Amino acid sequence: MKKIAILAAFPLHHLKGFGKAFQPKGHYATWLPQIAEAWDGQKEVEIHWIVMSELVQERRDVSEWGQMFHVLPTTQRGRSTSLFREDRRAIGAVLDEIQADLVHGWGTEDVYGLAAVLSRRPNIVSMQGILSYYALKSRMPARSYLQAILELFILWKAEKVTTESQWGRNVVLRRNPFAKVDLVEYGVQQVFFQTKWQPEEKNPFALFVGGISPRKGIQDLVEAFRDPKLLGSELVVIGGGEGEWSENLQKGASSNIRWLGRKTAEETAQFMSKAWCLVLPTRADTSPNVVKEARVVGLPVITTQSGGQASYMKNGEDGYFLECGDVNGLIQKIGKVLGFFAKAKEMGEKGKTGYRDLFLATKTSKSLIKLYKQIKP
């Protein structure tokens, strides 16, 4: 049986024996646990996950859903500047131990994609954010610029690349025209499938979910909700932000914006059940899960075409597109949805069934197993 090693920032709090103390503070790979759960009971390949964590002091191996999780200690200091030398050495030792036939590196934001392409084994890299594109569109932390450079190297070394959307595939091919790229959609957490959209006619509000950063375009929303046309409407913001930019943005915002900070998936789903629409005026997003979640629940979406989210809606049918930075367009489109309850409900229901089928985690898991079996050792 082929042995697959998946290198990924798997959220450890989903594993038995770890608990809430191991939940990441910020954004984390919410799409990975449901893929692992969907593999429970499969007998086609042997799956090992290798996870680096600064929250463990020594290696821990646990079995869950018929898969092995190897959790290795690391540190947050100096990792990227050393090209993750110690992390790659630790990962390599586990790869040798389990005699992996194929290495799947998830994401270019950390060590995982780099370790996969330097493993001297057949490899796949799955994209999360495409940092080398983000760097052209918005300010990022200094470490992310180094990661963006490493990403270009990774995309030239990877034997196979997967992306979630055609937009992401096109961006990857602009960086390496010879890359072999497969489309594999990441599934949505089950809680969103279980959430019924029940907006209240007397309580219209728009919802933003994401990091409080310039790349997400939240500054455009803040400006839009200062306009007299939207002063009678409300914007609810779910997501965290750090640093002076985020603090100043929130301090200067109008009173019709509620800043809730980070919320769990269950809490976010509850707000989605009542919101009239999701608004994401992003400058760049490879394939934001929040748009998938909104379409599964049944919300209309207002967003830009600068990202994979453009694949998940049709302009004028289940949402609206606008240009990056177009504050007047935001005011107009939000007003269209929040001003007409029947229209909002009609748009939310449009195409929902198809998206609920597309974003099943079982589809992701089957697509990956098929891909694993195609690649020869």
Residue 360 closer than 30 Å to residue 122 by Cα, touching a strand residue (DSSP E or B) at 6+ places or on another chain (Cβ under 7 Å) and not charged (D, E, K, R) = no
message = Being touching a His at 6+ places or on another chain (Cβ under 7 Å), over 22 Å from residue 361 (Cβ atoms) and at pLDDT 95 or above is the requirement here; does residue 87 meet it?
response = no
Of residues in the stretch 142-176 being acidic (Asp, Glu) and touching an Asp or Glu at 6+ places or on another chain (Cβ under 9 Å), the one farthest from residue 288 (Cα to Cα) = 151
ask   = What number of residues within the stretch 259-301 satisfy the criterion of being within 15 Å of the chain's Cα centre (by Cα) and among the acidic types (Asp, Glu)?
value = 2
request  = Pull up the stretch 295-315, narrow it to residues that are closer than 15 Å to residue 171 by Cβ and among the polar types (S, T, N, Q), then point me to the one that is modelled with the lowest pLDDT.
outcome  = 311
key: Segments classed as helices (runs of 4 or more DSSP H), wholly inside the stretch 266-377, with at least 2 members that are in contact (Cβ under 8 Å) with a residue 40 or more places away in the chain and touching a Pro at 6+ places or on another chain (Cβ under 9 Å)   = 327-338, 341-349
remark   = Among residues of the stretch 232-241 being surrounded by 12 or more Cβ atoms within 10 Å (Cβ to Cβ) and free of Cβ contacts under 8 Å to residues at least 40 places away in the same chain, the residue nearest to the chain's Cα centre (by Cα) is 239
request  = Give the stretch 321-347 a look and list any residue that's among the basic types (Lys, Arg) and farther than 24 Å from residue 215 by Cβ, or say none.
outcome  = 336, 343, 345
remark   = Residues of the stretch 210-219 being among the aliphatic types (A, V, I, L, M) and either surrounded by fewer than 24 Cβ atoms within 10 Å (Cβ to Cβ) or in contact with a Ser or Thr (Cβ under 6 Å, 6 or more places away or on another chain) (or both), in sequence order, are 212
query = Among the candidates 267, 242, 247, 223, which residue alone is closer than 23 Å to residue 192 by Cα and of a type in the set (Asp, Glu)?
reply = 267
request  = Confirm whether residue 94 is farther than 22 Å from residue 364 by Cβ, surrounded by fewer than 17 Cβ atoms within 10 Å (Cβ to Cβ) and more than 24 Å from the chain's Cα centre (by Cα).
outcome  = no
ask   = Which ones in the stretch 141-167 are at pLDDT 95 or above and small (Gly, Ala, Ser)?
value = 158
message = Here is a check on your reading of the model: is residue 18 surrounded by 18 or more Cβ atoms within 10 Å (Cβ to Cβ) and farther than 19 Å from residue 126 by Cβ?
response = yes
task = Within the stretch 184-202, identify whether any single residue is surrounded by 15 or more Cβ atoms within 10 Å (Cβ to Cβ), touching a strand residue (DSSP E or B) at 6+ places or on another chain (Cβ under 8 Å) and either at pLDDT 95 or above or outside any helix (DSSP H, G or I) (or both), and answer yes or no.
result = yes
Some residue of the stretch 128-138 being within 22 Å of residue 12 (Cα to Cα) and part of a loop (DSSP other than H, G, I, E, B) = yes
query = Quick check, is residue 318 surrounded by 15 or more Cβ atoms within 10 Å (Cβ to Cβ) and either over 17 Å from residue 220 (Cα atoms) or more than 16 Å from the chain's Cα centre (by Cα) (or both)?
reply = yes
task = Check residue 224 against each of (1) in the same structural domain as residue 290 (by TED's automatic domain parsing); (2) modelled with pLDDT under 95 and name the one condition it does not meet.
result = (2)
message = Show the residue pairs meeting these rules: Cβ distance below 9 Å; 6+ apart or different chains; first residue within the stretch 195-216 and under 14 Å from residue 348 (Cα atoms) and without any contact (Cβ under 8 Å) to a residue 12 or more places away in the chain; second residue among the charged types (D, E, K, R) and buried (at least 19 other Cβ atoms within 10 Å of the Cβ).
response = none
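The values are calculated or read from the model by the stated rules, or taken from the named source; none is laboratory data. From a predicted model like this one, the values you see are computed outputs, not experimental measurements. Positions of Cβ are backbone-derived with ideal geometry, glycine not excepted, and every protein chain shown enters the neighbour counts.
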